[in-house]
Amino acid sequence: EVRLLESGGGVVQPGGSLRLSCAASGFTFNTYAMNWVRQAPGRGLEWVSTINGDGTGTFYPDSLQGRFAISRDNRGNTVSLSMRRLRAGDTAIYYCARGRSASGRDNFDFWGQGTLVTVSS
Amino acid sequence: QVVVTQEPSLAVSPGGTVTLTCGSSIGAVTSGHSPYWFQQKPGQAPTTLIYDTTNKHSWTPARFSGSLLGGKAALTLSGAQPEDEADYYCLLSYSGARRIFGGGTKLTVL
């Protein structure tokens, strides 16, 4: 059974940093790309980042390039999202989602339950 | 800035049929955009219903189907059930591995 468990959410002050993690199980981790998708309160879904199976390729929307960084540990079966210079608009539930292949060019099949990040003073 | 458009809300009667659409502000949606459709119920994480325009996952109810229709991606629900009441999001892929979600359609079954 594929399982994705996010952690690391919480309250952070504007301008601060936070690192989210997603622990994966139930599949051969390094043969799938991994992704982060977020959802602000009462709003729609927004793609945040993708990393391919061997970690050599990362992708971001232009709006987040430079502030967010995705990484993965294929030995520990985890994917992380480092976020810096956080602002109120980054407040959201952050979901970890598995890609359908290793390439990072396919989109998501399985989703975690999400972790809430609140940026507030 | 590309915008992916969906109907904000739709309603369908139990047992009825409804089609949700997904358009792109820069032109027709094609299979090259690899349209995906997701369902999200209140307080829950999204689930993936349709991938690459028409393909279903093992957990996708047979009453859902995906297609291209009039230059848009489409999700058709045939034989709506009360449990299908949810938000539905489409996702299109663009060059440079960019992915853009639509704003979502709130589907009411009444």
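Since every read-out is calculated from the coordinates, none of them should be taken as a lab result. Source: prediction; values computed, not measured. Methodologically, a virtual Cβ is constructed for each residue, glycine included, from the backbone with ideal geometry; neighbour enumeration extends over all protein chains shown.
Please work out the FRET efficiency for the pair B:Ser95 and A:Asn74, using the Cβ-Cβ distance as r and a Förster radius of 22 Å; give the result to the nearest 0.05.
0.20
Quick check: residue separation of B:Arg63 and B:Ala28 times 0.36 nm, minus the Cα distance between them. What number comes out in nm?
10.0 nm
Compute the Cα gyration tensor for the protein assembly as shown, then decide on rounded, prolate or oblate, letting a ≥ b ≥ c be the square roots of its eigenvalues: rounded whenever a/c is under 1.5, prolate when a/b is larger than b/c in the other cases, and oblate in all that remain.
Judged from the Cα gyration tensor, the protein assembly as shown comes out prolate (a/c at least 1.5, a/b above b/c).
In a GNM of chain B with a 10 Å cut-off on Cα contacts, which of B:Ala28, B:Ala74, B:Ala97 has the highest mean-square fluctuation?
Highest fluctuation among the options: B:Ala97.
Top mean-square fluctuation among A:Thr50, A:Thr28, A:Thr58, Gaussian network model of chain A, C-alpha springs under 10 Å?
A:Thr28
Wrap a convex hull around the Cα atoms of region B:38-110, take a quarter of its surface area, and give that in square nanometres.
In nm², the orientation-averaged hull projection of region B:38-110 is 5.6.
Would you list, by chain and number, the lysines whose Cα falls below 17 Å from the Cα of B:Lys41, excluding same-chain residues fewer than 8 positions away?
Correct list for B:Lys41: B:Lys106.
Given C-alpha coordinates of region A:43-121, what is the ratio Rg to Rh with the Kirkwood estimate of Rh?
Radius of gyration over Kirkwood radius for region A:43-121 works out to 0.95.
Return the single residue from B:Ser65, B:Ser78, B:Ser95 with maximal mean-square fluctuation; model: Gaussian network over chain B, springs between Cα atoms under 10 Å.
B:Ser95
In nm, to one decimal, how far is the modelled label at B:Val2 from the one at B:Thr17, with both set 7 Å along Cα→Cβ?
The answer from the label model is 3.0 nm.
Considering only DSSP states other than H, G, I, E and B, which trypsin sites (Lys or Arg not before Pro) in region A:16-65 qualify as loop sites with at most 16 other Cβ atoms within 10 Å?
A:Arg43
Please compute the contact order of region B:15-102 in relative form: average sequence separation of alpha-carbon pairs under 8 Å and at least six residues apart, divided by the residue count, as a percent.
Answer for region B:15-102 is 36 percent.
If you average the sequence gap of Cα pairs under 8 Å that are 6 or more apart and divide by the length of chain A, what percent do you get for the contact order?
It rounds to 36 percent for chain A.
Obtain the nm distance between the two label points defined at A:Arg87 and A:Ala40 by a simple spin-label model: each point lies 7 Å from its Cα along the Cα-to-C-beta direction.
Those two pseudo-labels are separated by 1.0 nm.
What is the Cα centroid distance between region A:28-46 and region B:41-67, reported in whole angstrom?
The two parts, judged by their Cα centres, are 16 Å apart.
Under a plain spin-label model, where a point goes 7 Å from the Cα along Cα-to-Cβ, how far apart in nm are B:Glu83 and B:Leu110?
Taking the two extended label points, one gets 2.3 nm.
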